[in-house]
Amino acid sequence: MMLATVRRLSLRWRVAAAFGLGLALVMTVLGVATWNLTTGYMLDQREQSTARQSEVNVDLVDKALAEESDNLDDLLTGLASGPDSSILLSRPDGWLTSGRQIEPTVIPAALLDSARNGIAARQRFTADGIPVLAIATPVGGDSIYVELYPLLELDRTFRYLSILLITGTVVAALFGAALGAWTSKRALRPLAVLRGAASRVARGDLTTRLPHQNDPDLAPLATSFNTTTEQLEQRVRRDKRFAADVSHELRSPLTTMVNATEVMVRRQDTMHPTARKALGLLGSELHRFQRMVVDLLEISRADQGDEGPVELVDLGALVRNVLDSREDSGAHVEIDQETPLVSADRRRIDRVVTNLLDNADRYGGGAVAVTVRRHGDQARIEVDDAGSGVPPALRERIFERFARGLHSGRRDRDTGSGLGLAIVADHVHRHGGTVWVEDRPGGGARFVVELPEAAT
């Protein structure tokens, strides 16, 4: 799970995490080394000073025991170095204590056993909640002198040092993560620029170029990208120009063929039935071919940036004009009382509405309703048809060029060129709008066009 989470992190955050963990590891090693060296040195110094003090005290106690002095209690009291220190003297007849009173039973047995064997020993432990350093020394042949030196100051110093080292490690890790994030951001900035340029190219802006790079590692990448984009732009321009030229050159002979076919159709009663059938097929294909050429010319003009004049367009009036120009348009029209205005090329929006109505006639059983209304800050056109609807899997594909969806196998007079909805999508997107198809309540398809409403 942890590995999968790390893999899902972006490169920037992986670099930041690596910096943070690396610096934390270095600081941990340094902290442990500092702790061991510092605490070891301070403990060694403390043990040496207490050992020297204990030797002096042991000499005094040993001398008093040898002289069988009656002031042994006063001597032990005077030897106590502070309120938290304790002195215990084990004699055959019991224990003598001075300083901070503690029970002799808290003294580790191993420490006393070592002293009974004639070997001076020392040990750190906690006596009644206070850390102490105990030194046990044999005196007078049958007695044991035990002195407990408090380590409160040393313990506080160790606690402060540990907090300082831990805090320093955490701060260093955070600083390393911040440094890694900043460094990776600067290092990945050229990739962000490249990603943005590639996104603009993917959206169709083939004029995008990367700026010149002085970095020897980035210069080849920028040069390669710019060269590829320039070649792609030239190729697309050649293809567009070729399509436009071919479509334009086809108009004249195509018009001649259509006119000749119409003449033959008017005289088809004198033809053999087989010839009339062939003439009907020829006429159907010629009309479909003619619509395709017109659509190709429309797309070629759009691809070449042939923009018309932009003006304020009353969508309600435009839709009514389109519907009035069509024969047998039985669609129900619903237009807001205050029809929305858009800044647009009137010819292109007219073509959008016309193509949507043509699509409904050819594939959707005819348009049953056309609605123009506001939707937030957008102007919306809805065209409902009486067909069977568009399957969800095809709702994006039908806006591609030469896509006819479920009717791709048809080849009759009423079959479209597969470019009508592609022209709709292109014109709408050029005006900053969106187009999609959804289910109509009650059955059928609803084609929706949204355009930014003009500021008034």
Residue that is surrounded by the most Cβ atoms within 10 Å (Cβ to Cβ) [pool: residues in the stretch 353-377 that are touching a Leu at 6+ places or on another chain (Cβ under 9 Å) and in a helix (DSSP H, G or I)] = LEU356
task = Give, as residue ranges, the strands (runs of 3 or more DSSP E) completely inside the stretch 90-190 that count at least 1 residues that are loosely packed, with under 13 Cβ neighbours inside 10 Å.
result = 94-99, 121-127
key: Test: residue in the stretch 291-307 that is at pLDDT below 80, in contact with a strand residue (DSSP E or B) (Cβ under 8 Å, 6 or more places away or on another chain) and closer than 30 Å to GLU249 by Cβ   = yes
query = Which of the residues spanning the stretch 80-91 are modelled with pLDDT of 80 or more and over 18 Å from VAL56 (Cβ atoms)?
reply = SER90, ARG91
query = Given the conditions (1) surrounded by 14 or more Cβ atoms within 10 Å (Cβ to Cβ); (2) touching a residue at least 60 places away in the same chain (Cβ under 8 Å); (3) not hydroxyl-bearing (Ser, Thr, Tyr), and given that LEU194 satisfies all but one, which numbered condition is not satisfied?
reply = (2)
message = Name the residue that is modelled with the lowest pLDDT, counting only residues in the stretch 342-381 that are of a type in the set (Ser, Thr, Tyr) and over 41 Å from the mean Cα position of the chain (by Cα).
response = TYR363
message = Need the failing condition index for LEU210 against (1) farther than 30 Å from ARG401 by Cβ; (2) surrounded by 11 or more Cβ atoms within 10 Å (Cβ to Cβ), just the number.
response = (1)
key: Matching option when the condition is of a type outside the set (S, T, N, Q) and modelled with pLDDT under 85, among ALA109, ALA115, ALA136, ALA121   = ALA115
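The values are calculated or read from the model by the stated rules, or taken from the named source; none is laboratory data. Just so it is clear, the structure is predicted and the values come from calculations on it, not from any experiment. Note that each Cβ is placed from the backbone with ideal geometry, even for glycine, and that neighbours are counted across all protein chains shown.
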